[in-house]
1. Using only alpha carbon pairs under 8 Å that are at least six residues apart, calculate the relative contact order of segment 144-242 and give it in whole percent.
2. Can you give me the C-alpha center-to-center distance between segment 181-222 and segment 105-147, rounded to a whole angstrom?
3. Using the basic label-point model (7 angstrom from Cα toward the beta carbon), what is the ARG204 to LYS185 distance in nanometres?
4. Quick one: order THR216, THR62 from most to least accessible surface, probe 1.4 Å.
5. Given a 1.4 angstrom probe, I'd like the percentage of the accessible area of segment 110-219 that is carbon and sulfur, rounded to a whole number.
6. Where only protein heavy atoms count, and the probe is 1.4 Å, what is the accessible area per residue for segment 30-98 in Å²?
7. Helix-only mean residue ellipticity at 222 nm, the chain, DSSP H runs n ≥ 4 weighted -39,500 (n - 2.57), per residue, nearest 500. What is it?
8. If R0 is 30 Å, what FRET efficiency do you get for ASN71 and ARG225 from their C-beta distance, rounded to 0.05?
Amino acid sequence: MKITVAKSEAEFFRAVASRIVAQMMQKRDAVVGLATGRTTTPIHAAVCDIHRQSPFDVSRVTVFAMDEITNVSREFAGSCYAMILNQIVKPLGIPPANFIMPPTRSDDFAREARLFEQRIAERGGVDLQILGIGENGHLGFNQPGTSFDSICWHSRMDPQLEARIRRESQTPDNVILGGLTLGIKNIMQSRKIVLAANGPHKARIVAVALNGPVTTEVPASILQRHPDCEVILDPAAAQNLF
Ligand code: GLP
């Protein structure tokens, strides 16, 4: 794994953004997997800044979010669909047909999972996958204990996140919130991966995932085995590493 420690948090956001932009410029029909959350929101803003200052062609680029919250409305501002749409797809002008997402509601998520994988495969697979990391080492909605052989599946989110999403989306208690997520095996099939982490709350898990044993108890530890994975950190997230 290549580890890049940015000089500041602002530099961290720009560094990850530059990897996304470089991929889109190098291959005009690139397939780029994105992630949502606090980490990536400012990264996406930095991508839009670069695009505003020096526009590049995105008419053939495909993007998707690697996971989606299920059983909420797509219009809920916290859905991965809404976040990627508003943070990247609309501001860059990526054609709607090139924004691939599973639905948030379905009576058959197993079928939706296969369809999502199929639509990505039809475009040639993933050139670049951007990943965040959970404080327990999760990738997407693959919580600790998930098999490294997992393919796209309907998982549960961690209880804290579930409580927050339930509040924000005003979802009643009798509706189970889930997460449709690419599996670990899908993630590892990406040609290139960038794992992005910032802030002191990520320092512990970053050190465990990068320096500890490869174990399903820390899903992100599998990235040690990926042939082309760059970990980009801000100084706070890197503080336990060296
Ligand atoms: C969430 C999402 C992941 C994300 C991660 C980190 O649960 N499912 O896709 O990468 O947790 O989120 P954040 O960047 O807000 O810390």
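The values are calculated or read from the model by the stated rules, or taken from the named source; none is laboratory data. No experiment lies behind these values; they were computed from the predicted model shown. Glycine also receives a Cβ, built like all others from the backbone with ideal geometry; neighbour counts cover every protein chain displayed. The accessibility values were calculated without ligands, DNA or RNA, using every heavy atom of the protein model including side chains. Shrake-Rupley method; radii C 1.70, N 1.55, O 1.52, S 1.80 Å.
1. Numbers: 133 pairs, mean separation 33.4, N = 99.
Relative CO of segment 144-242 lands at 34 percent.
2. 14
3. Going by the 7 Å Cα→Cβ label model, 3.3 nm.
4. Details: THR216 45, THR62 5 Å².
Descending order: THR216, THR62.
5. On the way: 2630 of 4930 Å².
Ligands and nucleic acids excluded, carbon and sulfur reach 53 percent.
6. Working: 2590 Å² over 69 residues.
Accessible area per residue, segment 30-98: 37 Å².
7. Details: 7 runs with 76 residues, N = 242.
Helices in the chain give a 222 nm mean residue ellipticity of -9500 deg cm²/dmol.
8. On the way: r = 33 Å, r/R0 = 1.11.
After rounding, the FRET efficiency stands at 0.35.
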